[in-house]
Amino acid sequence: MIKSMTGFASLTHEDERATLGVTIRAVNHRFLDVQLRIPQTLGDLELRVRGLLQKRLSRGRVELAISVQLRMASAPTVELNEDFANALAAAIERARERGLVAGTLTPGDLLRLPQAISIRERVVEADPAVEAQLAASVEAAIEQALADLDAMRVREGGHLRADLDARRAMLGELIEKLRRAADEGRGALEGRLHERVSEISAELPVDQAMVAQEIVRAAARSDISEEVTRFRAHLAHWTALADGEEPCGRKLDFLLQEMNREINTIGSKADGLGIAELIINAKAELEKMREQVQNVE
């Protein structure tokens, strides 16, 4: 099946415990490269999240970001660094005795010193039941985001399929034109060789049987029937891969390499009118297909 590797999905999931945000971006890559941005509170889910992505995706650079806003109200805690405050008060007292400062240490003085007072969110003991429910909500949100991403990749893959099918059909026409041109060229070559042999035999004795064998051998060197057969098989295999359910980007890329090799061989063997132009057109179509296949999962 032809799917694009490019896609985007973003959704927000709300329930009585939290508001979850999931964003997935996917671009082209030779292999599956997963980049995760997960809150520390969900660090234990990383392996499961990677498993979900690997189950649904086979190629591409995928970035997944998860945000969590808990609905549980939490009162901050204010902590006094008593050791620091005592040391500060003692230092101020010594300075007062020497007449360097006047007055006493006030609350405002402490608030201006970050080492004296720290304000933190209250640490709430984890509830296993709540954590399990939150993990289930996160996984459900990721599954939905992956479904949306897959739908977008399928839509884009449909456009890629239409373009690639048109070019595959064009290659089918070009290989048939090459076959006909090569057959005509081989017949013309045999005709020229027979004419040349006739001219020579008028002046010198010639073994006609041996000459006929050599003419057949010379014509056989320009025979491209094997290459044409393999090229047709590659085109048929292409259609089977595109119609299948499995991701086929790498296999299509390999087929294009094989088709390009066959075209090069045909270009070096075939002899006929217009062969060079047909070879150039075929290689141009293969290069355009290769560029498109780089977007296929």
Subject >> Scope the range 26-64; condition out of contact with any helix residue (DSSP H, G or I) (no Cβ under 9 Å at 6 or more places or on another chain), under 30 Å from D253 (Cβ atoms) and touching a residue at least 24 places away in the same chain (Cβ under 8 Å); matching residues >> reply: V27, N28, H29, F31, D33, Q35, R61, E63
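This table checks each residue for (1) modelled with pLDDT of 85 or more; (2) of a type in the set (S, T, Y).
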| residue | (1), (2) |
| --- | --- |
| S10 | yes, yes |
| A26 | yes, no |
| L42 | no, no |
| E46 | yes, no |
| R50 | yes, no |
| G60 | yes, no |
| L64 | yes, no |
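Would you call A147 surrounded by fewer than 14 Cβ atoms within 10 Å (Cβ to Cβ), part of a helix (DSSP H, G or I), touching a helix residue (DSSP H, G or I) at 6+ places or on another chain (Cβ under 9 Å) and at negative phi?
Details: surrounded by fewer than 14 Cβ atoms within 10 Å (Cβ to Cβ): yes; part of a helix (DSSP H, G or I): yes; touching a helix residue (DSSP H, G or I) at 6+ places or on another chain (Cβ under 9 Å): yes; at negative phi: yes.
Answer is yes for this residue.
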Original post:
Of all residues in the range 266-293 being surrounded by 13 or more Cβ atoms within 10 Å (Cβ to Cβ) and not in a helix (DSSP H, G or I), which is modelled with the highest pLDDT?
Top reply: G274
**OP:** Could you please find all residues in the range 202-261 being at pLDDT 85 or above, exposed (fewer than 12 other Cβ atoms within 10 Å of the Cβ) and in a loop (DSSP other than H, G, I, E, B)?
**Re:** E245, E246
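The values are calculated or read from the model by the stated rules, or taken from the named source; none is laboratory data. No experiment lies behind these values; they were computed from the predicted model shown. Cβ atoms come from the backbone with ideal geometry, glycine included; neighbour counts cover every protein chain shown.
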